[in-house]
Amino acid sequence: MRPIILNSNNMSTQLKLLHTQAMHGSRTLRLIALAAFAALLCGCVYRMNIQQGNFLEAGKVDQLQVGMTRSQVRFLLGTPMVPDAFNDDRWDYLYYMRRGRLESR
């Protein structure tokens, strides 16, 4: 930035110019700060855990007994995730958990 020499003849013009230059620099600085803040926020994305299927607790599985009716099993474990289309006596309980953030290796 070059030095500013103020004369009494055109002092108001030079002050206006100085003020305009300062405002332009301030606006540029704000724009740079905003861009840096936006770049930092890009890494702050929340990724939630995704759970799919039926999580079977060990205690409930231990309560299963031979000879239970379908409604008793459904009450105890919940509705099966994948009913078999070819075999009515088979129910598949699947569970899948995907973590939102990948763990560092």
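Over the stretch 50-98, Cα pairs under 8 Å with separation of 6+ residues give a relative contact order of 52 percent. Whole-Hz Karplus ³J(HN,Hα) for the stretch 27-34, in order, using 6.51 cos²θ - 1.76 cosθ + 1.60 and θ = phi - 60°, x for Gly and Pro? For the stretch 27-34, the Karplus curve yields 5, 5, 4, 4, 5, 5, 5, 5 Hz. Taken over the stretch 50-98, the ratio of Cα radius of gyration to 2.2 N^0.38 Å equals 1.19.
Values in this text are rule-based calculations from the coordinates and carry no lab data. Because the structure is a prediction, the values reported are computed rather than measured.
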